[in-house]
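Take a look at the structure set out below.
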């Protein structure tokens, strides 16, 4: 091979070989360049391998690839299968980030606590009676679609919040006439505990206090819970309850009937009929007492007045008699 056919590296190598020190330096340089080139190739290969592993391993991307292949085999189309499987993978990952998927109970997970109060310009009895009329919530509450009463302690509810429709079973755990109602609810979308109390502020003014704890279940419910959708819906329905009462005519409010019994530990201890009968007896006794009390007072007043008049007449007679004796 002529000198003209040799490349620059070959010429440089020939010159380095003429000196032992230069030759060693050239060997070290060649080893260094070879090692760097090997590292570059190894890094590129590792990057490609990681990409392939992400595509073929676990996760939304691999689910999409597998779903696309399955869709092609079943005749549903590659794109449809990939989108369906990929969405499922993302949902599973998000569910883990939100504290797990479906299942769970009120004992696990974080509850959303809602505390509200409002004043209503009606007597306490009217405010209490309206709350006990559970089917009426389907008429005025925006989120509630329908309420069915199974018995004195159990109801079935259907509601819609945003795009989510739900149903649940409600159980009254405690109910004290004109004072307190407590309940629990169980449904596929979550569980709830709540209590409402009624406090008279005047003859025609009542304060209503409401506390609820909501335990969401499922991906969409937990996602909606991040935006406090349930709390906003409950606050709105609470205000609609007040509007319902305030729009009643006075006669309608006085004639409004509610459930007047008593419940302890989810068991009826005083039925509605017994409570109403007892109230009627108390009213009759009160009326009789008022009538008898007024009559007695009138008689006592008349007797006292007669005695005073008799005493006055006797005194006048004695005075006249004394004056006649002096004249004689």
Nearest-0.05 FRET efficiency for residue 133 and residue 250, computed from C-beta distance (R0 22 Å)
0.75
Between the modelled labels at residue 158 and residue 257 (7 Å from Cα along Cα→Cβ) the distance in nm is 2.7 nm
What FRET efficiency do you get for residue 264 and residue 145 if R0 is 35 Å and r is their Cβ-Cβ distance, rounded to the nearest 0.05?
0.70
From zero up to wherever the largest Cα-Cα distance of the range 154-208 sits, split into 5 Å bins and tell me the percent of pairs in each.
5, 16, 21, 17, 14, 12, 9, 4, 1
Only counting other Cβ atoms within 10 Å, I'd like 176, 263 sorted with the fewest neighbours first.
176, 263
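Taking neighbour Cβ counts within 10 Å as the exposure measure, how do 215, 128 sort from fewest upward?
Fewest-to-most ranking of 215, 128: 215, 128.
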Need the full-extension length gain, residue 118 to residue 286, defined as separation in residues times 0.36 nm minus the C-alpha distance. One decimal, nm.
57.2 nm
How many nm separate the modelled label positions at residue 273 and residue 110, each set 7 Å beyond the Cα in the direction of the Cβ?
5.1 nm
Once you have all Cα-Cα distances for the range 112-274, histogram them in 10 Å bins from zero and send the whole-percent values.
10, 40, 37, 12, 1
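Rule-based calculations on the coordinates, nothing more; no lab input. All of these numbers come straight from a predicted model, not from anything done at the bench. Note that each Cβ is placed from the backbone with ideal geometry, even for glycine, and that neighbours are counted across all protein chains shown.
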